[in-house]
1. For region 377-447, what is the convex hull volume of the alpha-carbon atoms per residue, in Å³?
2. Which shape class applies to region 124-259: rounded if a/c is under 1.5, otherwise prolate when a/b exceeds b/c and oblate if not, where a ≥ b ≥ c are the square roots of the Cα gyration tensor eigenvalues?
3. Determine which lysines satisfy two conditions relative to residue 123: a Cα distance under 21 Å, and not lying fewer than 8 residues away in the same chain.
4. Over region 283-409, what is the relative contact order in whole percent, taking alpha-carbon pairs under 8 Å and six or more residues apart?
5. I need the shape label for region 327-444. Rule: rounded when a/c is under 1.5, else prolate if a/b > b/c, else oblate, with a, b, c from the alpha carbon gyration tensor.
6. With n ≥ 4 as the cut-off for DSSP H runs, can you work out [θ] at 222 nm for the chain, using -39500 (n - 2.57) per run divided by the number of residues, rounded to the nearest 500?
7. Considering amide H positions built from the backbone, and no H for Pro or chain starts, which residues 5 or more places from residue 424, or on another chain, come under 5 Å of its amide H?
8. For residue 444, what is the net charge nearby, where nearby means another residue's Cβ is under 11 Å from its Cβ and Lys, Arg count +1, Asp, Glu -1?
Amino acid sequence: MGVMMQAFYWDCPKVDNKEFTWWNYIQEKIPALAAAGFSSLWLPPAHKPANIDGASMGYDPYDYYDLGEYDQKGRVETWFGSKQALLDLINLAHSHNLTAIADMVINHNNGADEQKVNPIDGKSRWTEFKKVKSGKFLRDWKCFHPSSYETWDGATFGDMPDLCHRNPYVYIEIFNLAKWLLEEIGFDGFRYDFVKGYGTWVTKAIQEGRYTKNGQPFKPYGVAENWSSDREINDWLKDVNEWNDNPVDAFDFPLRYKLKDLCDKFGFSLRQLATDGTVVKGQPFSAVTFVDNHDFRGGDTPPIINDKLLAYSFILTHEGYPCVYWQDYYNLGLAKEGTPNGITALVKVHETLAAGSTNILWVDDNLYIMQRTGRDGKPGLVFVLNNRGDRWNGAWVSTQWHNVEFKPVAWWSRQQMDTPNNQRAYADGRAQFWAPPRGYVVYAPQV
């Protein structure tokens, strides 16, 4: 399925000194990202946000149809740039066979023009969106909760009022918005923000809509942010994808927490990587695996601090649709382009080797050996993860290959970066594989 790049991080325009030119900055990276093997770009929310406390990342929507062309909320461009720069980015991505994923923020709104009393509970809220300069999707109190159309949602996202999706006007406008983003702006799919805030039927309706691109029927890709346990996410996936002819994926938050423990928690047992409790384990074809994202930035949601490449080696060799984080790839220098020691090498592994079933050949507290069996022209691989910090670690295992040489194609260690030796599977399939201290090796069968 490829590898997704989350092409932003929190406050990225300011941190990278690319305020109002982030779209242009991504364009500069597209040829190299395509050459590395990435298949899609998840872009930050493109609409004009409220910008209440200064330039915003876009998770506070004000005018959905202002992508940086109307002078409102402080300036014409969004923090990421102009509408034309966004269109140029999408066109360039398509020319390099990369898809563009829009961040769909449809749970809540912000920056209303005035307050209005909701007669249902008598409370005043910022719900009047009548001056949006695009002139599209105008809203008033009837578009938000509490609503006469449903009773289950009486909360707010912070101080931002929640949209009532069962209001026929809101439902139609959201569907029209999705259609516009796909057919006119050129996006290829959606990352659905905070899907716990609205019914699965909303996501399903967008996914199943009839769309066209270049005169041909088109089905958008979809991935949901459901920050929950594996059971809740799997239940949500079952609900949203039942009788759905264009199923949606979900980010694997439970796996991410396991990977954080792998990287940051002393005494973590690698046996935990072989147990249930993740989306990819239960529904591998619906799981988007990741290491960090824009919401893991401190406080109660800290990012992974140590040895992140161990986590990336896992998601880029195993099943699931892996998503790489821009800040890790570029700002933290984990791409390591031109070497076998970073994310770029692991992306190549994913695109050329990682296919077929995942078979765990050995696992104990400090050693994990797995084989991908291969499929559709990809020969498979052997992945070795060593959690010991004092020495190389390995074991004899039984593989599916016979009389085959294995070459190390990607590796990293906190302590020893020597090139691992080639290994061989003998006539009975037995082979010995090793990884360096607190490190990993990916071995490719030479078939």
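The values are calculated or read from the model by the stated rules, or taken from the named source; none is laboratory data. This is a predicted model, so every value here is computed, not measured. With ideal geometry, Cβ positions are generated from the backbone for all residues, glycine too; neighbour counts draw on all protein chains shown. With ligands, DNA and RNA removed, areas are computed over all heavy atoms of the protein, side chains included. Shrake-Rupley method; radii C 1.70, N 1.55, O 1.52, S 1.80 Å.
1. Here the figure is 74 Å³ per residue.
2. oblate
3. Of all the lysines, those that pass the test against residue 123 - Cα under 21 Å, at least 8 places apart if same chain - are 142.
4. On the way: 186 pairs, mean separation 21.8, N = 127.
The normalised contact order for region 283-409 reaches 17 percent.
5. The shape class here is oblate.
6. Result for the chain, helices only: -6500 deg cm²/dmol.
7. Under 5 Å from the amide H of residue 424: 406, 432.
8. +3
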